[in-house]
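Working notes, structure below.
The values are calculated or read from the model by the stated rules, or taken from the named source; none is laboratory data. Since this is a predicted model, take the numbers as computed values, not measurements. Every residue, glycine as well, gets a Cβ built from its backbone with ideal geometry; the counts of neighbours run over all protein chains shown.
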Amino acid sequence: MTQVFTLIGYSKEVFKECKVDDYKRIRKLEETGLWGEAVRQRKAIVVNDYKAPNRFKKGQPEGHVELLRYLAAPVFYADRIVATVGVANKESDYNDTDSMQLSLLMDAAWRIIESHAAREQERKLITAVEQSADSIVITDSSGTIIYVNPAVEKITGYSKRELIGQNPRVLKSGEHDQSFYKALWDTITDGKTWSGRFVNRRKDGATYKEEATISPVLNGVGKITNFVAVKRDVTKNLELQAQLFQAQKMEAIGTLAGGFAHDFNNLLQVILGYLDLILSGQDLPAQLQANLEEIRRAARSGADLVKRMLIFSRKTSTQIESVNLNTIVEQVRSLLGRSMPKLIEIELLTDTDLWAINADPGQMEQVLMNLAINARDAMPDVGRLTIETQNIVLDEEHHNVHLGVKPGRYALLSVTDTGTGMDEETAKHIFEPFFTTKEAGKGTGLGLSVVYGIVEQQGGKIICDSQLSVGTTFNVYFPVIEEVPNAQCHT
Ligand SMILES: Nc1ncnc2c1ncn2[C@@H]1O[C@H](COP(=O)(O)OP(=O)(O)OP(=O)(O)O)[C@@H](O)[C@H]1O
Ligand SMILES: [Mg+2]
């Protein structure tokens, strides 16, 4: 390794007198003269008659200030030479006191420089920690919080002041048992790092999921002084994963149901065709005719089921035209009027400037009808059914929250009831064909599968929001027809 010497600076006076044009600032240590000698000998070098021959001198560049007397001293920091300093041309000879004073002065100056650099380093670290989007919590060795960064305040809803002095258990959600926390504590008090996932509770009571790494901080003699937790809120990521999984599952069921329904439909059409042929013939014994008609009825309702499965798997043809959802709402309202119990109030909140969509009006009616009938079924006695339409522009953020909803303009159809609501497990399955919680004979479990199929075929999105004993809202987003600007004709 070559040790080099870098000339950092001169005093102002030297600059005024020095005429060296192009001073070589970096030199190999072995090429340096007296000033390098202070490093080689690890002590101050005093030369009071500079002109006298001296074996350590290596010459000076042209224009250098004339030297009469010279003192060079090494600067020590933690037993290491970090610089040398040279002074020259004192009126009288340099003595031991001069070299000692210079050394002390420079060592002290260097310590100031170092502590300044350390503070600067500390400031950078603090800025990084404070600005981190990840939560950072520092506790003492007993687990009492002594520092939280702003991300913690943002995620938990608690202020710094509320958290400092507390134990992180204030965030406990109750979702983990005692053995979970014991395993964590045993790991970190054993000097090891723990990684895992927490379900924690915010100040407002909502839970959130975070991925955490908790490490012990050891002092010079290996004793634990603190614990540092770095945590990332993964609630949204997990939701997106679940949505993706759900979408893939629906796709798979759709493919399966579609293939089956298609073939089965062909068989039913053959059966119905022959039945029609037989029944159109004359002179059938009355009993036989009645039995055949019974078979035809059953085959037709079979064909109807199959048709709904085909809609779910998006294997039907559609009659697409420009549709204003408000018209559909009006039609369904008059249909509903007859089937709704008296104590269910129907409220319509339609946006009069609703954007038009491209859709099959018959299918739109089916979507709204199915949603409204489910709402009615969820309110056996009294309640309110609200049907709302509005224009909505989804931005990138929505795109991130709800997988697959592309940013853009949508007509939103919302159907809200004040009914029974559903638990999480039920809500996971509602769009699957034949999923029903209704008693046998009351529901086929195809209503929402049909809705799902139609909405997906439109390039739309259906999102269900439900709370047990409070009610349910279905939000259906239909992409709006984007106007293509008319081409200008020039003649
Ligand atoms: N508004 C709602 N409130 C509460 N639960 C609902 C609501 N809408 C749907 N569900 C639940 O979703 C299940 C599936 O609904 P879906 O419309 O697909 O089938 P269904 O209503 O049971 O039968 P079908 O519509 O074929 O007659 C219902 O059985 C019910 O458990
Ligand atoms: Mg239904």
It is to be established whether one or more residues within segment 383-402 are over 30 Å from the mean Cα position of the chain (by Cα), of a type in the set (Lys, Arg) and either away from ligand 2 (no atom under 16 Å from the Cβ) or not assigned by TED's automatic domain parsing to the domain that holds residue 464 (or both).
yes
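Considering segment 297-325 alone, what residues qualify as being more than 27 Å from residue 352 (Cα to Cα) and in a loop (DSSP other than H, G, I, E, B)? First the steps, then the outcome.
Step one: list which residues in segment 297-325 are more than 27 Å from residue 352 (Cα to Cα), which gives 297-317.
313, 314, 315, 316, 317, listed by residue number.
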Which residue, of 426, 416, is hydroxyl-bearing (Ser, Thr, Tyr) and closer than 20 Å to residue 334 by Cα?
416
Select the helices (runs of 4 or more DSSP H) contained entirely in segment 132-196, then report the ones holding at least 3 residues which are surrounded by 13 or more Cβ atoms within 10 Å (Cβ to Cβ) and of a type in the set (Val, Ile, Thr).
150-156, 178-189
Index of the failed condition, residue 459 passing every other in (1) within 14 Å of ligand 1 (Cβ to nearest atom); (2) more than 25 Å from residue 335 (Cβ to Cβ)
(1)
Residues (surrounded by 15 or more Cβ atoms within 10 Å (Cβ to Cβ), under 20 Å from residue 391 (Cα atoms) and not aliphatic (A, V, I, L, M)) located in segment 298-326
324, 326
Filter segment 282-296 down to the residues that are in a helix (DSSP H, G or I) and either of a type in the set (D, E, K, R) or at pLDDT below 90 (or both) and list them by number.
293, 294, 296
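Out of segment 424-458, which residues are in a loop (DSSP other than H, G, I, E, B), within 12 Å of ligand 2 (Cβ to nearest atom) and among the small types (Gly, Ala, Ser)? Before the answer, list the steps.
Step one: list which residues in segment 424-458 are in a loop (DSSP other than H, G, I, E, B), which gives 430-446, 458.
Subsequent filtering for residues that are within 12 Å of ligand 2 (Cβ to nearest atom) retains 430-431, 433-438, 442-446.
Selection gives 443, 445.
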Within segment 360-379, identify whether any single residue is acidic (Asp, Glu), at pLDDT 90 or above, away from ligand 1 (no atom under 16 Å from the Cβ) and assigned by TED's automatic domain parsing to the domain that holds residue 475, and answer yes or no.
yes
Strands (runs of 3 or more DSSP E) within segment 1-89 that include 2 or more residues touching a residue at least 40 places away in the same chain (Cβ under 8 Å) and not β-branched (Val, Ile, Thr)
80-88
Would you pick out the residues in segment 373-399 that are of a type in the set (A, V, I, L, M) and part of a strand (DSSP E or B)?
385, 387, 392, 393, 394
Give just the number: which of (1) more than 25 Å from residue 239 (Cα to Cα); (2) in contact with a His (Cβ under 6 Å, 6 or more places away or on another chain) does residue 407 not satisfy?
(1)
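Results for (1) modelled with pLDDT under 95; (2) under 22 Å from the mean Cα position of the chain (by Cα); (3) among the hydrophobic types (A, V, I, L, M, F, W, C), shown as yes or no for each residue.
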position: 170; (1), (2), (3): yes, no, yes
position: 205; (1), (2), (3): yes, yes, no
position: 218; (1), (2), (3): yes, no, yes
position: 230; (1), (2), (3): no, yes, yes
position: 237; (1), (2), (3): yes, yes, no
position: 249; (1), (2), (3): yes, no, no
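Restrict the check to segment 111-118 and report whether at least one residue is within 58 Å of the chain's Cα centre (by Cα), touching a residue at least 24 places away in the same chain (Cβ under 8 Å), surrounded by 12 or more Cβ atoms within 10 Å (Cβ to Cβ) and part of a helix (DSSP H, G or I).
Checked against the condition, which is being within 58 Å of the chain's Cα centre (by Cα), touching a residue at least 24 places away in the same chain (Cβ under 8 Å), surrounded by 12 or more Cβ atoms within 10 Å (Cβ to Cβ) and part of a helix (DSSP H, G or I), segment 111-118 yields at least one hit.
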Filter segment 424-447 for residues that are near ligand 1 (Cβ under 10 Å from one of its atoms) and under 30 Å from the mean Cα position of the chain (by Cα); the one that is surrounded by the fewest Cβ atoms within 10 Å (Cβ to Cβ) is 426
Would you be able to tell me the number of residues in segment 409-423 that are away from ligand 2 (no atom under 15 Å from the Cβ), more than 26 Å from the chain's Cα centre (by Cα) and not in a loop (DSSP other than H, G, I, E, B)?
4
Residue 271 modelled with pLDDT of 95 or more, not assigned by TED's automatic domain parsing to the domain that holds residue 361 and not charged (D, E, K, R):
yes
State whether one or more residues within segment 244-253 are within 23 Å of residue 158 (Cα to Cα), surrounded by 12 or more Cβ atoms within 10 Å (Cβ to Cβ) and not hydrophobic (A, V, I, L, M, F, W, C).
no
